[in-house]
Every structure is written in C-alpha cells, then in structure tokens.
Amino acid sequence: MARSFQQKDRNLTILGAETVFNGTLSFQDDLIITGKFTGTINANGDLEIAKDATCIVDNALANSIIVSGNIKGNLTGRSNIQLKNGSTVVGDLTTRRLRIEENVDFKGKVKMIEERRNIDLFSVNPAEYKTGLM
C-alpha cells in the first residue's frame, strides 16, 4: 500500500513492503520504495530504495537517489547518488556527486556530470570566456 506524508513542504510517498508495482512511476516530490518495483522511474523529487526493496528498472531518474536495497538498471541522480552499506547495484550511474559506503556490491560504470559555470557573455572579456569553456 502506498502511503503519503507531508514533509518539509513536500509530499513523501512510501510504497510498502507488501507492494509489487510494474510500470512507470512519475512524481514531483519524494518516494521510498520498500517493496518490489519493475519499470521506469522519472522524478523531479528524491528516490530511496530501502534495505529490503528489490527494483528492476530500465532507467531511474531523480534529483537524488539513495540505495540501501537491491536495484538492477541505470540510475541518474541530478544532484547525487548514495550507495549504502549492504546495497547491491547492477547498472550504470550518472550523477554530479557519488558516495559509496563499505560493503556495497556495485557492477557498472560511473559517469560524472560536470558543473556548468554561469558566464554572462556580455560582462566577460573573450579570453576569460574561452578559459571558462575549457
């Protein structure tokens, strides 16, 4: 059963341990999966895969992703990805910041997203602009 809670001006939804969900999940706020999920996740909020959860995804996209359970598939965390102690991840990771704790079983590739600097084209001389692009 999915439960929703108000937290820090954002909703938190929990897919309970007894939940089995197949399909596409899209959400704006935060989600914790404690059951089984198969499909695609496209979110603007944060995603957490709890310790006893099992997920098989084509792709999971969220602001930040915390994995304490088992997940197979590619993960993209716009802000960050954390792999917690005891988690298992099979798939590629794309993120700005990555934290991997001890005792994590990870098989895949990591692609780091570079921070883009905001440069006002009209307030910078051409030499500085060129340096900022490199």
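The values are calculated or read from the model by the stated rules, or taken from the named source; none is laboratory data. Here the structure is a predicted model, which is why all the values come from computation and not from measurement. Here the Cβ positions follow ideal geometry from the backbone for every residue, glycine too, while neighbour counts run over all protein chains shown.
Below is a table of values for the structure above.
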| item | result |
| --- | --- |
| Criterion (of a type outside the set (Gly, Ala, Ser), farther than 23 Å from residue 101 by Cβ and crowded, with 18+ Cβ neighbours inside 10 Å) met by exactly one of 25, 83, 47 | 25 |
| Tabulated pairs, segment 7-19, first of a type in the set (Lys, Arg) and at pLDDT 90 or above, second surrounded by fewer than 13 Cβ atoms within 10 Å (Cβ to Cβ) and not in a strand (DSSP E or B), C-beta under 7 angstrom, 6+ apart or interchain | none |
| Qualifying residue in segment 51-58 (condition: out of contact with any helix residue (DSSP H, G or I) (no Cβ under 9 Å at 6 or more places or on another chain), closer than 18 Å to residue 111 by Cβ and modelled with pLDDT of 95 or more) | yes |
